[in-house]
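Engineer: My questions will all concern the structure given below.
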Amino acid sequence: MRRILRHRPSPAMVVACLALTITLGGTSYAAVALPRNSVGTKQLKRNAVTSIKVKNNALTGADILESRLGRVPSARNAINSTNAANATNATNATNATNATNATNATNATNATNATNAANAANAANADKLDNLDSTAFLGLGDARADGFASATDIDNFTTAIYTNIASVSFTAPKAGFVFIVGTLSAEDDASFAGIGDLFYRLALDGTGLTTDPFYHELVSDSSTSIRGASGAASAVVAVGAGPHTVSLQAREVGTGDFILGRDISVIFVPTGSGSTAPFATFGSATKSLQRAPQSG
């Protein structure tokens, strides 16, 4: 018994045992003193929870504040871009709203309004039609037609000077040419003995287009089978702008005629060519006349 008491622990052993006791006692206290779910934000240091300590796929959208997220790298200008697929180069596209389909629009620069303009290239002058200027076409009032016709008989026609038997007046909108056609029919007047011999011509504004009395002539004889005849005269002459009168004139060089139907037609056009009146003058030809020809 005395031998045991004689082997007491050394001071160093006592200090070591005391330190071990305090350490074990503090750990047990901490484990016992912290209640469940008592560690919160205040107990965690900044950056204490790292990625490796977070379970994969544990965080959802509700756990993340999107406004605190940074912009995706390289996505410089995709804001409000609903569908920018295949938009290789939209630089300087200030306003492409409502541009539904701009595919194959190679070059629309400076095209202010190309709606429905299928092909405006080289359209330097659009006042032409088939490369013809507007002066190559007739205007609404540039051409006109006028006429006169009558079936009223002229009985006992014995006038020896040229007299109007049909006339028509018109107004030329500008300088140009008129195409004139006059026709008549007559027969020998049986009231007089002898033959009917009728000279006729066209006149413009009172001036005959021919001074040759034999230029147009109708001869009829009621004592033979040649009781009547028909004739026509035509001409193209230049006229100035303004009012004009075209006439069919006749004169009797026989005993008398019975004039039946007659008519006259006039067509005005702004361009053309014609003979200079009078285009048939009385020459040296001779013809036996019952009545000497008279001028006028």
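Engineer: Select, from ALA126, ALA143, ALA114, the only residue that is surrounded by 10 or more Cβ atoms within 10 Å (Cβ to Cβ), at pLDDT below 75, over 30 Å from GLU252 (Cα atoms) and not aromatic (Phe, Trp, Tyr).
Structural biologist: Values: ALA126 fails: surrounded by 10 or more Cβ atoms within 10 Å (Cβ to Cβ); ALA143 fails: at pLDDT below 75.
So the residue among ALA126, ALA143, ALA114 that is surrounded by 10 or more Cβ atoms within 10 Å (Cβ to Cβ), at pLDDT below 75, over 30 Å from GLU252 (Cα atoms) and not aromatic (Phe, Trp, Tyr) is ALA114.
Engineer: Could you tell me whether any residue of the stretch 242-261 is among the aliphatic types (A, V, I, L, M), open to solvent by 10 Å² or more (accessible area, probe 1.4 Å) and more than 23 Å from ALA149 (Cα to Cα)? Working first, answer last.
Structural biologist: First, the residues of the stretch 242-261 that are among the aliphatic types (A, V, I, L, M): 246, 248, 250, 253, 259-260.
Those left that are additionally open to solvent by 10 Å² or more (accessible area, probe 1.4 Å): 260.
From the residues that got through so far, the ones that are more than 23 Å from ALA149 (Cα to Cα) too are none.
No; the residues of the stretch 242-261 include none that is among the aliphatic types (A, V, I, L, M), open to solvent by 10 Å² or more (accessible area, probe 1.4 Å) and more than 23 Å from ALA149 (Cα to Cα).
Engineer: Considering every residue within the stretch 206-228, establish whether at least one is over 14 Å from LEU184 (Cβ atoms), hydroxyl-bearing (Ser, Thr, Tyr), at pLDDT 90 or above and in a strand (DSSP E or B).
Structural biologist: The answer is yes, given that some residue of the stretch 206-228 is over 14 Å from LEU184 (Cβ atoms), hydroxyl-bearing (Ser, Thr, Tyr), at pLDDT 90 or above and in a strand (DSSP E or B).
Engineer: Filter the stretch 171-183 for residues that are open to solvent by 10 Å² or more (accessible area, probe 1.4 Å) and within 15 Å of LEU248 (Cα to Cα) and give the result. Show your work before the answer.
Structural biologist: Step one: of the stretch 171-183, the residues open to solvent by 10 Å² or more (accessible area, probe 1.4 Å) are 171, 173-175, 177, 179, 181, 183.
Residues satisfying the conditions are PHE179, VAL181, THR183.
Engineer: While we're on this one: Among (1) in contact with an Asp or Glu (Cβ under 6 Å, 6 or more places away or on another chain); (2) in a strand (DSSP E or B); (3) over 14 Å from ALA166 (Cα atoms), which single condition is GLY254 missing?
Structural biologist: (2)
Engineer: Related question: Consider ILE267 against the criteria (1) aliphatic (A, V, I, L, M); (2) open to solvent by 10 Å² or more (accessible area, probe 1.4 Å); (3) under 20 Å from PHE148 (Cα atoms); (4) in contact with a Pro (Cβ under 8 Å, 6 or more places away or on another chain): it satisfies all of them except one. Which criterion is unmet?
Structural biologist: Against the list (1) aliphatic (A, V, I, L, M); (2) open to solvent by 10 Å² or more (accessible area, probe 1.4 Å); (3) under 20 Å from PHE148 (Cα atoms); (4) in contact with a Pro (Cβ under 8 Å, 6 or more places away or on another chain), ILE267 comes up short only on (4).
Engineer: Which of the residues belonging to the stretch 195-236 are closer than 18 Å to VAL178 by Cβ, open to solvent by 20 Å² or more (accessible area, probe 1.4 Å) and touching a residue at least 60 places away in the same chain (Cβ under 8 Å)?
Structural biologist: LEU204, THR207 - these are the residues of the stretch 195-236 that are closer than 18 Å to VAL178 by Cβ, open to solvent by 20 Å² or more (accessible area, probe 1.4 Å) and touching a residue at least 60 places away in the same chain (Cβ under 8 Å).
Engineer: Moving to a separate point now. Out of the stretch 257-277, which residues are assigned to a strand (DSSP E or B) and not β-branched (Val, Ile, Thr)?
Structural biologist: Going through the stretch 257-277, the residues assigned to a strand (DSSP E or B) turn out to be 257-269.
The answer is ASP257, PHE258, LEU260, GLY261, ARG262, ASP263, SER265, PHE268.
The values are calculated or read from the model by the stated rules, or taken from the named source; none is laboratory data. Given the structure is predicted, the values throughout are model-derived calculations rather than measurements. Here the Cβ is made from the backbone with ideal geometry for all residues, glycine too, and neighbour counts use every protein chain on show. Side chains are part of the model used for accessible areas, which takes the heavy atoms of the whole protein and leaves out ligands, DNA and RNA. Shrake-Rupley method; radii C 1.70, N 1.55, O 1.52, S 1.80 Å.
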